[in-house]
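Asker: Take this structure, written in structure tokens, and hold onto it; I'll ask about it next.
What follows is calculated from the coordinates using simple rules that are stated; it is not laboratory data. The shown structure was predicted, so the numbers you read here are calculated from the model rather than taken from an experiment. Note that we place each Cβ from the backbone using ideal geometry, even for glycine, and neighbour counts take in every protein chain shown.
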Amino acid sequence: MSQPSAVAVATDTDLFDPVRLGPYELANRIVMAPLTRSRADDAGVPGELQATYYAQRASAGLIISEATNISPQGKGYIRTPGIWSKEQVEGWKLTTSAVHAKGGRIFLQLWHVGRVSHPDLQPGGALPVAPSAVRAEHQQAYTYEGFKPMVTPRALEMAEISGIVADYARGAKNAMEAGFDGVEIHAANGYLLQQFLSDKTNKRTDRYGGSIENRTRIVVEVVAAVTKVWGGDRVGIRLSPLTKFADIGDSNPEPVYLSLIEQLNPFKLAYIHVIEGDTGGERHPPGAFDLQKLRRAFNGLCMANNNYTLELAIEARAQNSADLICFGRPFISNPDLVERLRSGAPLASPDPNTFYAGDAHGYIDYPRL
Ligand code: PHB
């Protein structure tokens, strides 16, 4: 199945022109979104398969790696890669060198899933951790034995939080050793950091819960720790203020995110990566606040994500509503997505049956044009 692209040949746009991101001159404004593909080994080590996959997609202006666990506790899905062990660092070197050999740039996404896990995936069969003991409803965990219902997580002790921040710092250092060009802090999609930001999941009464200042505290601490390793200009952060993904939500997200952006500005981050609307779904959910307010408040580039098409991307650049545009699923089935968009070539549709936890099929065997 292929679908004709909406615009015959995209000439009157700067989408395909180089752009500066921190110290880098990206070849274009198209970003390969982080995509969970679950093909690492059981120890979270990526290998040649991942190197081939990412190198095939190196004509993206920037690749953001699939979400990568900062610790065994941060894992929530089978066969997701990690960045805590020596073996994982060595495995990732294959990917970074293969992408660089093709002239591409790749950031690693630092991930802790928090409550979105299951004892089957946790060290010693422990409960997953979260700011508070609030279970993700209408959600299943993807374990080695198939889908299982979510459990109620254990609320983190205050004394454990500095250890989690240290795990982010270790992940950041390891990502540098593995040859990545930068890192993205995943503070979106209902995972650990967004669980702290959101009043639906954060019921704490200590200095990490309650007021906006308290709910944003761990995110600011993580940003401080990670920028200590990388500087600000090679660090981005992913936010999804409006998503309902993994049963997340906030009664009033606008002031939370405006406060967070204000607190982030002194770190001079390279970019914010904003998921517009509900992840993979509605781009303009009812009652949503204007996400352009975040862009205006932030001193850095804005990367936009969520169901973008070429038409929407060209429009976003024409209106200057974003600096960089992410494409996710189209990159799965079109390794040469940038060239296809540029020339108006048809796009291949991906097969959802091979999104996760398979092998080379549906991963590195989508042809170029
Ligand atoms: C997933 O593995 O399903 C997943 C991971 C990271 C996201 C969203 C979904 O941000």
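Asker: Using only the Cα atoms of the stretch 94-253, what do you get for the radius of gyration and for Dmax, in Å?
Answerer: According to the Cα coordinates of the stretch 94-253, Rg and Dmax are 16.3, 50 Å.
Asker: Just to be sure I understand: if I project the alpha-carbon convex hull of the stretch 27-66 onto a plane and average over all orientations, what area do I get in nm²?
Answerer: 2.7
Asker: Turning to a different aspect of this structure: Taking 0.36 nm per intervening residue step and subtracting the Cα-Cα distance, what contour gain separates D199 from E282 on full extension?
Answerer: Details: separation 83, 0.36 × 83 = 29.88 nm, distance 2.18 nm.
That works out to 27.7 nm of additional length.
Asker: Please state, to two decimals, what the Cα-based radius of gyration of the stretch 80-126 comes to when divided by 2.2 N^0.38 Å (N = residues).
Answerer: 1.50
Asker: Distance from the Cα centre of the stretch 152-214 to that of the stretch 326-355, in angstrom?
Answerer: Using only Cα atoms, the two centres lie 32 Å from each other.
Asker: Still on this model: Which residue, chosen from P352, V274, L301, occupies the Cα position most advanced towards the positive end of the dipole of the stretch 222-369, where the dipole is computed from +1 (Lys, Arg) and -1 (Asp, Glu) charges on Cβ about the Cα centre?
Answerer: It is L301.
Asker: Over the alpha-carbon set of the chain, divide Rg by the Kirkwood Rh and report the Rg/Rh ratio to two decimals.
Answerer: So for the chain, dividing Rg by the Kirkwood Rh gives 0.94.
Asker: Now for a separate question. Once you have the Cα-Cα distance between N252 and D290, take 0.36 nm times their residue separation minus that, and quote the gain in nm to one decimal.
Answerer: 12.4 nm
Asker: For the cross-link pairs K86/K228; K86/K173; K173/K203; K200/K228; K75/K173; K268/K293, which exceed 23 Å when the distance is taken from alpha carbon to alpha carbon?
Answerer: Violating the 23 Å limit, Cα to Cα: K173/K203; K200/K228.
Asker: To continue, here is another question. Under the Karplus relation 6.51 cos²θ - 1.76 cosθ + 1.60, θ = phi - 60°, what is the ordered set of whole-Hz ³J(HN,Hα) values for the stretch 191-197, x standing for Gly and Pro?
Answerer: For the stretch 191-197, the Karplus curve yields 8, 3, 5, 6, 5, 6, 5 Hz.
Asker: How charged is the neighbourhood of F107? Take every other residue with its Cβ under 9 Å from the Cβ of F107, and add Lys/Arg as +1 and Asp/Glu as -1.
Answerer: Net local charge, F107 excluded: 0.
Asker: So if I place +1 on the C-beta of Lys and Arg and -1 on the C-beta of Asp and Glu, and nothing else carries charge, what would the dipole magnitude of the chain be about its Cα centre? I want it in debye, nearest 20.
Answerer: 400
Asker: If you take all C-alpha pairs in the stretch 36-112, what percent of them are over 22 Å apart?
Answerer: Working: 459 of 2926 pairs.
Of all Cα-Cα distances in the stretch 36-112, 16 percent exceed 22 Å.
Asker: Continuing with the same structure: Return the Cα extents of the stretch 1-134 along principal axes one, two and three, sorted largest first, each rounded to a whole Å.
Answerer: So the three principal-axis extents are 55, 36, 33 Å.
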